[in-house]
Amino acid sequence: MKEKINKYKNRLINKANVLIEEIQREKEEFKKKYPETHVNPEGYVLKENLATYCAEIEAIKSFKQMIENMDPESFSSVEEFKNRVLEELNKMYSNYTRLRAGLRIMIECVKSTFV
């Protein structure tokens, strides 16, 4: 059972890493194209959007750290592990004041990831 939980855990960590990379690429692309579409190269819109990207990345990193800290030995089944992950994600989702899109993506990812 521990091996299945570890595989599931590693899949979730890998998906989190991919999501972080995607958000980082989008952030860099937005930053690069911003001067073409806005008059002020260091404007409020740029700063606000960059902060949003950073907040999303931090939310996913928090998820990833939570998963990494979970001990597969403390669960009797993959379903129990999955339910605990979803429970913790829902707590994070409810308590974060920053944007919640990244966490919602991870919640849906956990629900749909095959075991």
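Read the figures in this text as sums done on the coordinates, not as results from a lab. Note that the structure is a prediction, hence the values are computed from the model and not measured. We place every Cβ from the backbone using ideal geometry, glycine too, and count neighbours over all the protein chains shown.
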Rounded to one decimal in nm, the spacing of the 7 Å Cα→Cβ label points at Glu68 and Leu46 is 3.2
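Do the sum for the chain: with -39,500 (n - 2.57) for every DSSP H run of n ≥ 4, divided by all residues, what is the mean residue ellipticity at 222 nm, to the nearest 500 deg cm²/dmol? Numbers along the way, then the final one.
On the way: 4 runs with 92 residues, N = 115.
The helix-only estimate for the chain comes to -28000 deg cm²/dmol at 222 nm.
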Can you tell which of Asn49, Asn14, Asn69 shows the greatest fluctuation in a Gaussian network model of the chain with Cα springs below 10 Å?
-> Asn69
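Return the Rg/Rh value of the chain, two decimal places, where both radii are evaluated on C-alpha atoms and Rh is the Kirkwood radius. Working shown, then result.
Numbers: Rg = 16.9 Å, Rh = 15.4 Å.
Dividing the radius of gyration by the Kirkwood radius yields 1.09.
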What's the Kirkwood radius of region 1-66 in Å, using all Cα pairs?
-> 13.5
Compute the length gained on full extension between Glu108 and Lys7: take 0.36 nm times their separation in residues and subtract their Cα-Cα distance, giving the result in nm to one decimal.
-> 34.5 nm
